[in-house]
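Let me begin by presenting the structure, written as structure tokens, before commenting on it.
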Amino acid sequence: MSLSRRDFLERAAALTAAGFVPRLPDDFGHELGHMATPAVPMPGFRGRPLVVSSSNGLKGVKVAYDKMLTGEDPLDAVIAGVNLVELDPSDQSVGLGGLPNEEGVVQLDASCMHGPTRRAGSVAAIEGIATPSLVAKAVMDYTDHVMLVGAGATKFAKAMGFKEQNLLTEQSRQDWMRWKSRLNANDAWLDHDENLKIKFTTGTINMNAVNASGDIGSVTTTSGMAWKVPGRIGDSPVIGAGQYCDNLVGAAGSTGRGEANIKTCASFLIVEFMRQGLTPEAALIKTLERVVAMTEARLLGPNGRPKFDLEFYALTKDGRYAGATLYSGGKYAVCDEQGARLVEAAYLYKRG
Ligand code: ASP
């Protein structure tokens with residue numbers, strides 16, 4: 001039986017999702033494994049192209065979807081989708097206008113993966129560049145490395161022609177000053193408004209896409225935790241934590257408390273669970289259970305549940321998807337042939 005590489009990958013994905021481990025074709029045209037069963041859509045098959053992201057990507061998923069319809073690569077498509085949010089000064093969790101670290105400096109993290117070529121790129125604690133997702137892709141495209149950090153990342157971005165700019169908007173600067181003045185009752189900063197609510201960011205955008213022929217891309221970009229210790233790196237730039245994709249299986253990504261995600265390599269784990277045959281939703285819930293099991297005591301409430309939230313998003317090569325959060329009430333964005341919409345996320349615990 002002769003199979004094209006594409007046919008093989010399609011079949012391998014269906015079998016993989018059903019729990020089989022395929023023999024991989026190599027690049028020299030050796031035997032392509034023993035695939036007797038034709039690819040059949042798995043239960044829950046929704047179709048491709050498909051884009052899934054955190055809820056702040058509602059506009060971006062449509063941009064990514066439309067780009068894939070015109071033949072754009074799935075990674076380029078999702079990066080265009082998250083660029084919208086990176087460049088939006090009113091989103092204070094990503095890119096331009098992101099809330100700064102404790103010294104008032106905006107430090108950004110991002111990573112991406114390209115399924116068909118099995119490549120990845122990442123930047124962490126980068127300053128002065130509004131679109132770290134594109135810098136992460138430049139690391140992937142133009143260097144022999146996967147991850148650049150801090151001053152080196154900014155220097156690289158400038159050498160690649162990215163424009164350096166001040167990312168601290170007036171709104172974010174004011175929020176930082178308010179946070180600072182409330183830090184310590186005995187500090188030298190006067191409190192002006194007792195009732196003022198101090199922002200503590202949750203945010204980040206993760207976006208994953210599979211195109212009509214089953215190729216996958218994933219990206220995550222963020223300004224990280226507000227008021228963080230300078231140099232703190234979250235989960236977003238960590239391949240396997242902030243996002244992960246395997247072109248034979250699917251992709252996954254995360255938003256929420258990065259420290260909890262890093263310890264479970266959650267995006268990698270989700271993809272591995274899907275490889276073993278779990279549905280996207282089951283894979284997300286099982287990974288949330290792992291997060292709870294790995295949570296240190298100081299972060300658990302009296303009921304044994306985490307005091308933080310974490311959100312996961314996943315899609316499979318055959319076009320199934322899910323979003324799940326630790327606590328109920330979460331939503332995530334999807335775009336397929338039915339258009340862009342917010343969908344209720346599955347959850348581990350009912351809120352309240
Ligand atoms: N995951 C991000 C981080 O820990 C923050 C977030 O998504 O709210 O850097």
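No lab work stands behind these numbers, since they all come straight from the coordinates. The model shown is predicted, which means the values in this text are computed figures rather than measured ones. We place every Cβ from the backbone using ideal geometry, glycine too, and count neighbours over all the protein chains shown.
I'd like to compare 124-135, 233-244, 155-166: which one has the highest average count of other Cβ atoms within 10 Å, and what's the full order after that? Mind dumping the intermediate values first?
Details: 124-135: 25.7, 233-244: 28.0, 155-166: 13.8.
Peptide ranking by packing, descending: 233-244, 124-135, 155-166.
With no solvent and one equal point scatterer placed on each C-alpha of region 237-342, evaluate the Debye formula and give log10 I(q)/I(0) for q = 0.10, 0.24 Å⁻¹, two decimals.
Taking Cα atoms of region 237-342 as identical point scatterers yields -0.27, -1.30.
Using DSSP to define loop residues, name the GluC sites (Glu not before Pro) in region 263-327 whose beta-carbon has at most 13 other beta-carbon atoms within 10 Å. Could you put the intermediate results ahead of the total?
On the way: sites: Glu272, Glu281, Glu289, Glu296, Glu311; in loops: Glu296.
Answer by residue number: Glu296.
Excluding Ser328 itself, what net charge comes from residues whose Cβ is under 15 Å from its Cβ, given Lys and Arg +1 and Asp and Glu -1? Provide the component values of the computation, followed by the final result.
On the way: positive: Arg305, Lys331, Lys350, Arg351; negative: Glu281, Asp309, Glu311, Glu344.
Residues near Ser328 contribute 0 overall.
For region 105-223, what does the equivalent ellipsoid look like in terms of its semi-axes, each the square root of 5 times an eigenvalue of the Cα gyration tensor, given largest first in whole Å?
Numbers: eigenvalues 251, 60, 22 Å².
In descending order the semi-axes read 35, 17, 10 Å.
Applying a 10 Å radius around every beta-carbon, put 209-220, 168-179 in order of their mean neighbour count, most first. Display every interim value, and only then the final one.
Working: 209-220: 27.9, 168-179: 16.6.
The densest-packed peptide leads the list: 209-220, 168-179.
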